[in-house]
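These notes concern the structure reproduced below.
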């Protein structure tokens, strides 16, 4: 079973690197945390609230997200949206992701042919 634990840890490491890109791609329009959580889950991206909310705060502190409180409903909600800087960096990250994914696919394909 130690290999199962190791594999799970390696999978977590792989996923951790993709969550920023997944969150940025999911905020094309303003969303509050729980709706973002549901949207990502519907798209097949598993992320827990105790991972998402600190990530949202970090992205906001880095200037990639902006937030605004909506107090017009019975329960106040904090809505997140991409900032101008966030849109610019998201486009660059998206391009980098595609480049890296293509490189990895080439490496894996070569390995399978050996």
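Quick look at the values:
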item	result
Answer from 70, 39 - the residue that is touching a strand residue (DSSP E or B) at 6+ places or on another chain (Cβ under 8 Å), surrounded by fewer than 16 Cβ atoms within 10 Å (Cβ to Cβ), under 25 Å from residue 12 (Cα atoms) and in contact (Cβ under 8 Å) with a residue 12 or more places away in the chain	39
Selection within the stretch 74-114 - within 20 Å of residue 37 (Cα to Cα), in a loop (DSSP other than H, G, I, E, B) and out of contact with any strand residue (DSSP E or B) (no Cβ under 6 Å at 6 or more places or on another chain)	75
Candidates 108, 89 - the one that is in contact with a helix residue (DSSP H, G or I) (Cβ under 9 Å, 6 or more places away or on another chain) and at negative phi	89
Residue 34 being surrounded by 14 or more Cβ atoms within 10 Å (Cβ to Cβ), more than 16 Å from residue 90 (Cβ to Cβ) and over 10 Å from the mean Cα position of the chain (by Cα)	no
Residue 12 closer than 15 Å to residue 87 by Cβ and either part of a helix (DSSP H, G or I) or in contact with a strand residue (DSSP E or B) (Cβ under 8 Å, 6 or more places away or on another chain) (or both)	no
The stretch 45-67: number of residues that are more than 15 Å from residue 18 (Cα to Cα) and not in a helix (DSSP H, G or I)	6
Failed condition for residue 41, given (1) touching a helix residue (DSSP H, G or I) at 6+ places or on another chain (Cβ under 7 Å); (2) part of a helix (DSSP H, G or I)	(1)
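We did not get these values from a lab; they are worked out from the coordinates using the rules stated. No experiment lies behind these values; they were computed from the predicted model shown. Cβ atoms come from the backbone with ideal geometry, glycine included; neighbour counts cover every protein chain shown.
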